[in-house]
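S.K.: I'd like to ask you about the structure that follows.
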Amino acid sequence: MCNRTTSTMTGGARRRPLRAGVIAGLVALFSIVIPVLAAADDSLPSRKQVLLLSASLWESYRWHIVAVVGLIGAQGVLIGALLLQHGRRRRAETVVRERLDFETLVSDLSARFVDLRGAEVDEGIARGLRRVGEHLGLDNALILEFSADDRAVHLTHQWTAPGVPSPRPSMELDRFPWSVERVRRGEIVRFSKLDELPEAAAVDREELAALGIKSVVGIPLAAAGTAMGVLTLSTLRRAQEWSDDLVQRLEFVGGIFSSALLRQRGEIELRKLRRDLTHVGRVATMGELTASIAHELNQPLTAILSNAQVAERLIDSGVDAKDLREIVSDIVADDKRAIDVIHRLRAFFKKDDTNQRPLDVNAVIQDVVSLVRSDATTRGVSIDLELEAGLPVVLADRVQLQQVVLNLIMNGLDAMRTSDDRRLAIATRVSADGVVRVSVSDRGSGVAECELPLVFEPFYTTKPQGLGMGLSIARSLVEAHGGRLWAQNNSNGGATFSFTLPLSKERPSSSG
Ligand SMILES: Nc1ncnc2c1ncn2[C@@H]1O[C@H](COP(=O)(O)OP(=O)(O)O)[C@@H](O)[C@H]1O
Ligand SMILES: [Mg+2]
């Protein structure tokens, strides 16, 4: 389309000098033909006195002079027209080139944003704003988002030209009532000079003038029918014309940014939801463990009490400090044990984002087993560990992995309530396909074949006090780690729940 415009323009300009050339040619022709015609008239009547006057230069060469001047004039016109046409073509070429450059920039942006993950969106937008701002020679390219209470806009992404002061991080909406109303309706706000703003925008104009803004285009960023914010491009040091063509392209850029922001918000929401759900599941599982936790804490606390009582008696009987020291160090050790239990519980209850690190699965299992062992003992269940030595590390979140293992163990204990043979086996090994495989086998009731696919469904439970969320959360956690979780019935009774985790390429972290 752009090319066609150029060629029409060039053709039009070429026709005018042509016409000038034709006129100049005609003038030259007449200047030669007329003197010849005049000279042909020499038939004078007889006896007429002829007075010969010597002709002036002008009289002799009048037509030649006229012709030469005409020719020079025509040439001048021709050269002028050519120069004019050249200038016009240069300008048209520049416009087309700039438009093409911007077009390339926009399509490049759009291509880059297609597979941008939520975490990369902010950086991508910042880069996009800079490219647009620099390309158009602007002073500011910003994204302002409406606050949750809808009373202000917050600066979320920005690019500012060097030497231009940074804009404020947030502004109240009532300072720009006219502009805000239009943006909310999904309309573009645009002006090249403040004078272009209508009388109704007097408040906006005053505020913009105070901010030193000369020209602005504000593109609403749409989210589910309403504007979540605005892409604002402005100049402070000069006026900028915002052609329809340019605004149309900027609108497209705004669309790219807003869909990326929406995607990012969705991902954040989903992560939060998953975190809340996982936390609820963990708290629920912990609820089942209260007896075990009480026991874990009770042991060191009882030991501390009896040691302290012994120390009291020894002090009364006037024993020397050396004997006391041993008792006191026992008290310190027991206290540390109690603190350790509390630390572990606190870590487990914390509502944290995923924190995947290289982990030793065997160590995580031993941790969880130490937490449930007394509960198992109370229920008459023995726990056998068949942990493969030197297991390669996996990349996993410690608390989430604990949660998965704990859920499987608790379900196994529940399933053996009425069994005679109450044994729970937890095994780890590396599979041939290069993943770590964990399995928890019980000798309980097993799962009815038709219910095997159901047990992972949310809210599916066969227990009077059950939530039915344990396995569904466990499966989503395992899958978030790139693994699988499934159930099988054992040939000799009971069920085995197994899950896999991909190996990590890193070494285990000591702190993890
Ligand atoms: N080891 C197991 N043996 C037999 N059935 C099981 C076992 N683990 C889970 N189930 C079945 O799957 C259901 C869902 O388990 P889960 O999601 O952990 O929820 P909840 O434990 O709250 O019922 C249980 O109610 C039970 O019927
Ligand atoms: Mg459960």
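Read the figures in this text as sums done on the coordinates, not as results from a lab. Values in this document were obtained by computation on a predicted structure and should not be read as measured data. Cβ sites come from the backbone with ideal geometry, for glycine too, and all protein chains shown count toward neighbours.
S.K.: Could you work out the longest stretch of the chain that avoids the GluC sites (Glu not before Pro) located in DSSP loops with at most 14 other Cβ atoms within 10 Å?
M.R.: Answer from the scan: 1-186.
S.K.: So how much slack lies between ALA294 and ALA333, counting 0.36 nm per residue of separation and subtracting their Cα-Cα distance, in nm?
M.R.: Difference between extended and current length: 12.2 nm.
S.K.: Ok, one more. Label-point separation (nm) for SER431 and LYS272, each offset 7 Å from Cα along Cα-to-Cβ?
M.R.: Placing both labels 7 Å beyond Cα along the Cβ direction yields 3.6 nm.
S.K.: Just to confirm the filter: which chymotrypsin sites (Phe, Trp or Tyr not before Pro) across the stretch 375-466 are DSSP coil and have at most 12 other Cβ within 10 angstrom of their Cβ?
M.R.: PHE459
S.K.: Give the average over all directions of the projected area of the C-alpha convex hull of the stretch 118-265, one decimal, in nm².
M.R.: Average projection, Cα convex hull of the stretch 118-265: 8.2 nm².
S.K.: Using a Förster distance of 35 angstrom, determine the FRET efficiency expected from the C-beta separation of ASP340 and SER419, and round it to 0.05.
M.R.: Values: r = 33 Å, r/R0 = 0.93.
Calculated value: 0.60.
S.K.: Let me ask something additional. According to a simple spin-label model (label point 7 Å from Cα along Cα-to-Cβ), what is the distance in nm between SER382 and ARG97?
M.R.: 8.7 nm
S.K.: May I pose another question? For the chain, what is the Kirkwood hydrodynamic radius in Å, using each pair of distinct C-alpha atoms?
M.R.: It is 32.1 Å.
S.K.: Would you mind counting up the charge near GLU134? Only other residues with Cβ under 12 Å from its Cβ, with Lys and Arg at +1 and Asp and Glu at -1.
M.R.: +1
S.K.: To continue, here is another question. Rank by packing, highest mean first: peptides 436-443, 401-408, with packing defined as the count of other Cβ atoms within 10 Å averaged across residues.
M.R.: My ranking of the peptides, most packed first, is 401-408, 436-443.
S.K.: Compute the separation of the alpha-carbon centres of the stretch 203-267 and the stretch 62-131 and state it in Å as a whole number.
M.R.: Going from one Cα centre to the other spans 25 Å.
S.K.: Rounded to the nearest 0.05, what FRET efficiency do GLU451 and ARG357 have when you use their Cβ-Cβ distance and R0 = 30 Å?
M.R.: The pair GLU451/ARG357 has a calculated efficiency of 0.25.
S.K.: Where the only charges are on Cβ atoms (+1 Lys, Arg; -1 Asp, Glu), what is the dipole of the chain about its Cα centre, to the nearest 20 debye?
M.R.: About 2740 debye.
S.K.: How far apart, in nm, are two points set 7 Å out from the Cα along the Cα-to-Cβ line at TYR460 and at HIS64?
M.R.: Reported label-point gap for TYR460 and HIS64 is 11.4 nm.
S.K.: Counting Lys and Arg as +1 and Asp and Glu as -1, each charge on the Cβ, what is the dipole of the stretch 248-310 about the Cα centre in debye, to the nearest 20?
M.R.: Computed about the Cα centre, the dipole is about 360 debye.
S.K.: How do 379-385, 349-355 rank on mean C-beta neighbours within 10 Å, highest first?
M.R.: Highest mean packing first, the order is 379-385, 349-355.
S.K.: I've got another one for you. Please state the shape class of the stretch 361-512: rounded when a/c is under 1.5, otherwise prolate if a/b exceeds b/c and oblate if not, all from the C-alpha gyration tensor.
M.R.: Prolate shape, in that a/c is at least 1.5 and a/b is the bigger ratio.
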